[in-house]
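Participant: The structure is given below, and queries will be raised subsequently.
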Amino acid sequence: MFRHNALRYAVLVVLLAAALFQAFTAEYFGLEILTEILILAILVLALDIVAGFGGMVSLCHGALMGVGAYAYALLSAKAGIAPPLAMAGAVALTGVTAWAIGAICSRSHGIYFIMATLAFGQMAYSYVFEALVFGGDDGLGGIARLDLGLFGIDLNDSRSFALFCLAALGAVYGAAVLILRSGLGRSLSGVMHNEQRMRALGLTVWRVKADVFGLSGMIAGLAGALAAQHIMYISPGLLSWTVSGEALVVVILGGLGTLVGPLVGAAAFVVLKHELSGLTSYWHLVVGVILIAVVMSRANGIFGWIEARWGDRIERRVADATRKPEPEEATSDA
Amino acid sequence: MLETRNLDKSFGAVHVTRNVSMKLERGERRVILGPNGAGKTTFFNQLVGELSPDGGSVHLAGEDVTALPVAKRARRGLSRSYQKNTLFDGLTVEENLGLAAAVHTGKATRLWSDSLADPEVREIVEEVAEQVNLMPHIHAKVSQISYGVRRQLEVGVALATRPLVLLMDEPTSGVGPEMSKRFHALLNNLPRDLTMLIIEHDMDLAFDVADTITVLNYGEVVFDGLPEQARGSKLLKDIYLGSWEDA
Ligand SMILES: Nc1ncnc2c1ncn2[C@@H]1O[C@H](COP(=O)(O)OP(=O)(O)O)[C@@H](O)[C@H]1O
Ligand SMILES: [Mg+2]
């Protein structure tokens, strides 16, 4: 079960402040990077829900994001459906796809679960690559962004689009907290702690896994629909398993099962990528070394490391100051 | 309420359950005695469906449930505790009980509300915590409570599904005679219509709660009767002498 604590709130506030500062002060390139971070953050939140809170380490979340991106592109550009409806459709379609994958994979555990999800991801990748409607290798272009002219907002402006993605991320974070704190979220944590016992108590375990995987898929689909609008062009590379792998790296780098950690991870990863790729073409190597260092340190990612160092101290200070055992607030700050 | 007919199970050449037929009336408290390796736990595993028998059938409240999966049997009112603690380690006592109560009340899959905040769930959690004396530890994590209290929680979690039949596999194993006595007193205070099947290693303790006694040896029922009969039997004297092989 997910809980906020003083440190988590503090990190959320810092992240939000940094994102807002960047959104209002940065020029075009900085805004592009910010948007990239925000969309990746949505994807890794989706992944953290299943991997960090359900023990379902998925290697198809990149592909799910791709499903969302293609669904949006096809529905809006090819089928001529209004962008808001196309977005809702993309989210729903990705959710249904993910639910089916979750239901089928629910009986496998550990490495077998990873391989099963990878197989589904690869199937989606080859299908999109081969099928003509998807534009094959060339991909699809001319994807329109949502029209928020009604509210006086032009999403074709980079700054507005970045803020739009920030709002989406905030909504997704709030939804993730609500999911994890619901009856379903508690059962999910029960299943992760002790699947056998949950079954013995009468829980239909596969349904819980499939339902949560479906919800996570909806979030990944939203990330995809936003990514398609961001780049305004999509190609099968979006569904490549390396995207799923990268998302997993970000979750582990940030801190599995903490929600806040993956947000930190997304920011660190994208910034690192852009800084390093300017200096050397071996930037993957550097990221790899950092990942190894983080994993070897035995901390739960960057955020786990921060939490282990300062979590208790901050918690105690806040407890002393307020004398209130636990914050009950369920809404988000990011 | 619960019945097995000619239940049979082998692991390769090892015949662990031999034609076991057993019948529990509603509200009956039956204790299964037997030495280590007699097949008591394996018998439980077949009752709840974690293991499928090679032959025979299991009947719950008059219905054949032999083909039903574990979760479905549990929802029909069959609940068990384990010989080895099978708890939700990172969670509190309250959350452990809450997970079970949530499944029973159908709140375990709700997306729009927190199961532990649900009044129905809370009521069960509090009632069970009273019943197995967990109130003083309700907010403690499993890792923070003693082994003896964990044994109580092990049964509490099973009880929080509000079962028709409660199966307990050596609920007091490893906790010492004093605490075991107290635990059996708690069991005696549970509602009289709850059917209980208890695996117990210690004969003396068995007499605390048993309406009826079954003795298993090498997977076979070698005694089925009342505690008074058990007390006088040559067979159980042999148990005291530890010469099970002669039985
Ligand atoms: N999964 C299994 N595979 C093979 N043998 C088993 C298995 N489970 C139990 N056994 C064997 O079955 C016998 C009965 O075990 P068990 O039911 O645990 O006895 P008890 O609970 O009465 O001490 C033992 O000899 C045990 O080694
Ligand atoms: Mg046993």
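The values are calculated or read from the model by the stated rules, or taken from the named source; none is laboratory data. None of these values were measured; they are calculated from a predicted model. Note that we place each Cβ from the backbone using ideal geometry, even for glycine, and neighbour counts take in every protein chain shown. These area figures cover heavy atoms from the full protein model, side chains too; ligands, DNA and RNA do not enter into them. Shrake-Rupley method; radii C 1.70, N 1.55, O 1.52, S 1.80 Å.
Participant: Is the shape of segment A:1-41 best called rounded, prolate or oblate, per the rule: a/c under 1.5 gives rounded, else a/b larger than b/c gives prolate, else oblate, with a ≥ b ≥ c the square roots of the Cα gyration tensor eigenvalues?
Facilitator: Note, shape of segment A:1-41 comes out oblate.
Participant: If you count only protein heavy atoms and use a 1.4 Å probe, how large is the accessible surface of B:E127, to the nearest 10 Å²?
Facilitator: 80 Å²
Participant: Return, for the Cα atoms of chain B, the radius of gyration and Dmax in Å, separated by a comma.
Facilitator: Answer for chain B, Rg first and Dmax second: 18.1, 61 Å.
Participant: Compute and list, largest first, the equivalent-ellipsoid semi-axes of the protein assembly as shown from the alpha carbon gyration tensor, each √(5λ) rounded to a whole angstrom.
Facilitator: 54, 26, 20
Participant: I've got another one for you. Average partner chain C-beta neighbours within 10 Å, per residue of B:115-128?
Facilitator: Across B:115-128, the average partner-chain Cβ count within 10 Å equals 1.
Participant: Amide H of B:S21: which non-local residues (sequence gap of 5 or more, or other chain) have their own amide H closer than 5 Å, using H built in the peptide plane?
Facilitator: The answer is B:N6, B:L7.
Participant: Considering only protein heavy atoms, what is the solvent-accessible area of A:H4 at a probe of 1.4 Å, reported in Å² to the nearest 10?
Facilitator: 10 Å²
Participant: Measure off 7 Å from each Cα along the Cα-to-Cβ vector at A:M232 and B:I138, then give the distance between these two points in nanometres to one decimal.
Facilitator: Placing both labels 7 Å beyond Cα along the Cβ direction yields 6.0 nm.
Participant: Still on this structure, I have one more. Please say if segment A:94-174 is rounded, prolate or oblate, where rounded means a/c under 1.5 for a ≥ b ≥ c the square roots of the C-alpha gyration tensor eigenvalues, and otherwise the choice is prolate for a/b larger than b/c and oblate otherwise?
Facilitator: The shape class here is oblate.
Participant: Continuing with the same structure: For segment B:81-162, calculate the relative contact order in percent as a whole number, restricting contacts to Cα pairs under 8 Å that are 6 or more residues apart.
Facilitator: Reported as a whole number, the value is 47 percent.
Participant: Report, in debye and to the nearest 20, how large the dipole of segment B:81-162 comes out about its Cα centre when Lys and Arg carry +1 and Asp and Glu carry -1 on their Cβ.
Facilitator: 300 debye
Participant: For helix B:93-105, what angle does its Cα long axis make with the longest principal axis of chain B, in degrees from 0 to 90 and rounded to 10?
Facilitator: 80 degrees
Participant: Could you calculate the contour length gain from B:R5 to B:D238, that is, 0.36 nm times the residue separation minus the distance between their Cα atoms, to one decimal place in nm?
Facilitator: Going from the current span to full extension adds 81.1 nm.
Participant: What FRET efficiency do you get for A:Y28 and A:R313 if R0 is 41 Å and r is their Cβ-Cβ distance, rounded to the nearest 0.05?
Facilitator: Plugging the Cβ-Cβ distance into 1/(1 + (r/R0)^6) gives 0.50.
Participant: Apply the Karplus curve 6.51 cos²θ - 1.76 cosθ + 1.60, θ = phi - 60°, to the phi angles in segment B:159-175 and return the couplings in whole Hz, x for Gly and Pro.
Facilitator: Those phi angles translate into 6, 6, 8, 6, x, 7, 10, 10, 9, 10, 9, 6, x, 10, 5, x, 10 Hz.
Participant: Provide a whole-number value for the mean count of partner chain Cβ atoms within 10 Å of the Cβ atoms in peptide B:74-87.
Facilitator: Rounded to a whole number, the mean comes out at 2.
Participant: Now for a separate question. For segment A:190-286, what is the relative contact order in percent, using Cα pairs closer than 8 Å and at least 6 residues apart in sequence?
Facilitator: For segment A:190-286, the relative contact order is 10 percent.
Participant: Classify segment B:81-162 as rounded, prolate or oblate from the Cα gyration tensor: take a ≥ b ≥ c as the square roots of its eigenvalues, call it rounded if a/c is under 1.5, otherwise prolate when a/b beats b/c and oblate if not.
Facilitator: Verdict is prolate for segment B:81-162.
Participant: Could you state how much accessible area A:M232 has, in square angstrom rounded to the nearest 10, with a 1.4 Å probe and all protein chains kept in place?
Facilitator: Ignoring ligands and nucleic acids, A:M232 comes out at about 70 Å².
Participant: For segment B:81-162, report the accessible area per residue in Å² (1.4 Å probe, heavy atoms, rounded to an integer).
Facilitator: 40 Å²
Participant: Rank these by accessible area, largest first, 1.4 Å probe: B:S113, A:S189.
Facilitator: Largest to smallest exposure gives the sequence B:S113, A:S189.
Participant: Next up: Counting only protein chains, not ligands or nucleic acids, how are A:T204, B:T105, A:T242 ordered by accessible area (probe 1.4 Å), most first?
Facilitator: My answer, sorted largest first, is A:T242, A:T204, B:T105.
Participant: Once you average over the residues of A:202-210, how many Cβ atoms of partner chains fall within 10 Å of each Cβ?
Facilitator: Going residue by residue through A:202-210 and averaging, the value is 5.
Participant: Which is farthest toward the positive dipole end of the protein assembly as shown among A:A144, A:G174, A:N5, measuring Cα position about the Cα centre, with Cβ charges +1 (Lys, Arg) and -1 (Asp, Glu)?
Facilitator: A:N5
Participant: With all protein chains present and a 1.4 Å probe, how do B:R73, B:R5, B:R122, A:R309 order by accessible area, largest first?
Facilitator: A:R309, B:R5, B:R122, B:R73
Participant: Over the Cα atoms of segment B:60-112, how large are the radius of gyration and the largest Cα-Cα distance (Dmax), in Å?
Facilitator: Considering segment B:60-112 through its Cα atoms, Rg and Dmax are 13.4, 38 Å.
Participant: Give the long-range amide H neighbours of B:E220: residues separated by 5 or more places, or on another chain, with amide H under 5 Å away, using H modelled in the peptide plane at 1.01 Å from N.
Facilitator: Under 5 Å from the amide H of B:E220 lie the amide H atoms of B:R18, each far enough along the sequence or on another chain.
Participant: Using only Cα atoms, find the angle between the long axis of helix B:119-131 and the longest principal axis of chain B, and express it within 0 to 90 degrees, rounded to the nearest 10.
Facilitator: Tilt of helix B:119-131: around 50 degrees.
Participant: Report the calculated FRET efficiency for A:L85 and B:F207 (r = Cβ-Cβ distance, R0 = 51 Å), to the nearest 0.05.
Facilitator: That gives a FRET efficiency of 0.10.
Participant: OK, next. How much length, in nm to one decimal, is gained on full extension between A:I104 and A:Y282, taken as 0.36 nm per residue of separation minus their Cα-Cα distance?
Facilitator: Working it through step by step, the gained length comes to 60.3 nm.
Participant: With unit charges on the beta carbon (Lys/Arg positive, Asp/Glu negative), name the residue among A:S281, B:A140, B:A210 whose Cα is farthest towards the positive pole of the charge dipole of the protein assembly as shown.
Facilitator: B:A210
Participant: Would you calculate the separation in nanometres between label points at B:D224 and A:Q196, each defined as 7 Å from the Cα along the Cα-to-beta-carbon direction?
Facilitator: Placing both labels 7 Å along Cα→Cβ, they lie 2.9 nm apart.
Participant: Residue by residue through segment A:249-265, what is 3J(HN,Hα) from phi via Karplus (6.51 cos²θ - 1.76 cosθ + 1.60, θ = phi - 60°)? Round to whole Hz and write x for glycine and proline.
Facilitator: 4, 5, 4, 5, 4, x, x, 4, x, 10, 6, 5, x, x, 5, 4, x
Participant: Please compute the contact order of chain A in relative form: average sequence separation of alpha-carbon pairs under 8 Å and at least six residues apart, divided by the residue count, as a percent.
Facilitator: Worked out over chain A, it gives 33 percent.
Participant: Loop by DSSP (not H, G, I, E, B), at most 14 other beta-carbon atoms within 10 Å: where is the longest site-free stretch of chain A for GluC sites (Glu not before Pro)?
Facilitator: A:28-327
Participant: Report the label-to-label distance for B:A61 and B:E126 in nanometres (one decimal), using points 7 Å from each Cα along the Cα→Cβ vector.
Facilitator: Label at B:A61, label at B:E126, 2.7 nm between them.
Participant: Considering only protein heavy atoms and a probe of 1.4 Å, how much of the accessible area of segment A:6-239 is carbon and sulfur, as a whole percent?
Facilitator: So the carbon and sulfur contribution to the accessible surface is 71 percent.
Participant: Give me the summed buried accessible area for the A-B pair, 1.4 Å probe, to the nearest 100 Å².
Facilitator: Using a 1.4 Å probe, the pair buries roughly 2200 Å².
Participant: Can you tell me the orientation of helix B:177-188 relative to chain B, as the angle in degrees between its alpha-carbon axis and the longest Cα principal axis, to the nearest 10?
Facilitator: Relative to chain B, helix B:177-188 is tipped by roughly 70 degrees.
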